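The values are calculated or read from the model by the stated rules, or taken from the named source; none is laboratory data. Note that the coordinates shown come from a computational prediction; the quantities given were computed from them, not determined experimentally. All Cβ positions, glycine included, derive from the backbone under ideal geometry; neighbour counts span all protein chains shown. These area figures cover heavy atoms from the full protein model, side chains too; ligands, DNA and RNA do not enter into them. Shrake-Rupley method; radii C 1.70, N 1.55, O 1.52, S 1.80 Å.
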Amino acid sequence: MPFTGEVSITQVDDQRWELDSPLRHASESGTFTVPKGFKTDLASVPRHFVWLFPTYGRYTKAAILHDYLVKKPPPEDRPPDMNRSKADHIFRCAMLELGVPFVRRWMMWSAVRTQGLLRNTGPAEFASWLIVLVPSVAFLIVPFLVLSLWLILFKIIESIFWVVLKPISGFTKERVNRPTVLPQ
């Protein structure tokens with residue numbers, strides 16, 4: 001296996017985690033060591049899509065490595081010719097090595113390529129991205145719209161309860177926390 005070390009993390013805040021021990025990856029692209037103490041959000045998945053792509057899973061090591069490779073300022077062991085396209089390619093190859101299924105692997109790669117604004121993309125890579133993106137969007141658009149509507153409705157309901165319960169919370173032991181405006 002190209003990864004050595006197990007993922008051991010400690011939660012830093014609502015969205016970030018810190019590695020408790022180093023994570024090492026070796027492949028034809030190079031050898032990289034994600035150091036102890038590196039902060040990551042695991043797989044950067046928008047809330048609307050965590051039902052299909054949880055923030056952790058079989059691909060967790062690949063996601064941590066990808067976060068490390070695209071980190072700014074660049075890590076010391078990152079080759080000088082490393083760019084976003086190469087980091088995204090390493091991410092996809094690492095997921096293959098970890099046994100991530102084909103469709104999930106390519107959809108996640110397409111998402112990170114989109115997030116990277118297709119930087120350093122050649123014609124063949126652009127064609128691959130487009131072939132994956134079009135059916136992915138068609139597959140995800142209805143759940144995205146339904147979840148968006150539900151999240152808006154939930155925030156409205158949560159806000160109504162907060163407005164109603166806030167004045168009476170001083171008389172009970174139950175504390176009422178202010179809801180966040182945007183989903184996290």
| task | Specify the residue that is modelled with the highest pLDDT; the eligible residues are those in the stretch 170-184 that are farther than 23 Å from Ser44 by Cβ and surrounded by 11 or more Cβ atoms within 10 Å (Cβ to Cβ). | result | Pro179
| Selection within the stretch 38-80 - within 16 Å of Ile90 (Cβ to Cβ), in a loop (DSSP other than H, G, I, E, B) and of a type in the set (Asp, Glu) | Asp77
| query | Can you find a residue in the stretch 109-117 that is buried (at least 16 other Cβ atoms within 10 Å of the Cβ), part of a loop (DSSP other than H, G, I, E, B), more than 19 Å from the chain's Cα centre (by Cα) and touching a residue at least 24 places away in the same chain (Cβ under 8 Å)? | reply | no
| task | Confirm whether Ala124 is of a type in the set (Gly, Ala, Ser), exposed (fewer than 15 other Cβ atoms within 10 Å of the Cβ) and out of contact with any helix residue (DSSP H, G or I) (no Cβ under 6 Å at 6 or more places or on another chain). | result | yes
| message | So if I check each of Pro167, Pro135, Pro143, which one is open to solvent by 70 Å² or more (accessible area, probe 1.4 Å), under 21 Å from the mean Cα position of the chain (by Cα) and of a type outside the set (Ser, Thr, Tyr)? | response | Pro135
| remark: Arg78 vs (1) in contact with a Leu (Cβ under 7 Å, 6 or more places away or on another chain); (2) closer than 22 Å to Gly57 by Cα; (3) without any contact (Cβ under 8 Å) to a residue 60 or more places away in the chain: all pass except (2)
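For the stretch 36-49, give me the residue count where each residue is out of contact with any Phe, Trp or Tyr (no Cβ under 8 Å at 6 or more places or on another chain) and either at pLDDT below 90 or surrounded by 14 or more Cβ atoms within 10 Å (Cβ to Cβ) (or both).
Result for the stretch 36-49: 3.
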| Which listed residue, of Ile90, Ile152, Ile156, is in a helix (DSSP H, G or I) and within 18 Å of Leu42 (Cα to Cα) | Ile90
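Check the stretch 157-164 and report whether any residue there is free of Cβ contacts under 8 Å to residues at least 40 places away in the same chain and open to solvent by less than 30 Å² (accessible area, probe 1.4 Å).
Applying the first criterion (free of Cβ contacts under 8 Å to residues at least 40 places away in the same chain) to the stretch 157-164 yields 157-164.
Applying the additional criterion that residues be open to solvent by less than 30 Å² (accessible area, probe 1.4 Å) yields none.
No, the stretch 157-164 contains no residue that is free of Cβ contacts under 8 Å to residues at least 40 places away in the same chain and open to solvent by less than 30 Å² (accessible area, probe 1.4 Å).
One line per residue, one yes/no per condition, for (1) in contact with an Asp or Glu (Cβ under 8 Å, 6 or more places away or on another chain); (2) β-branched (Val, Ile, Thr); (3) touching a residue at least 40 places away in the same chain (Cβ under 8 Å):
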{"residue": "Gly5", "(1), (2), (3)": "no, no, no"}
{"residue": "Arg16", "(1), (2), (3)": "yes, no, no"}
{"residue": "His25", "(1), (2), (3)": "no, no, yes"}
{"residue": "Glu28", "(1), (2), (3)": "no, no, no"}
{"residue": "Thr33", "(1), (2), (3)": "yes, yes, yes"}
{"residue": "Asp88", "(1), (2), (3)": "no, no, no"}
{"residue": "Cys93", "(1), (2), (3)": "no, no, yes"}
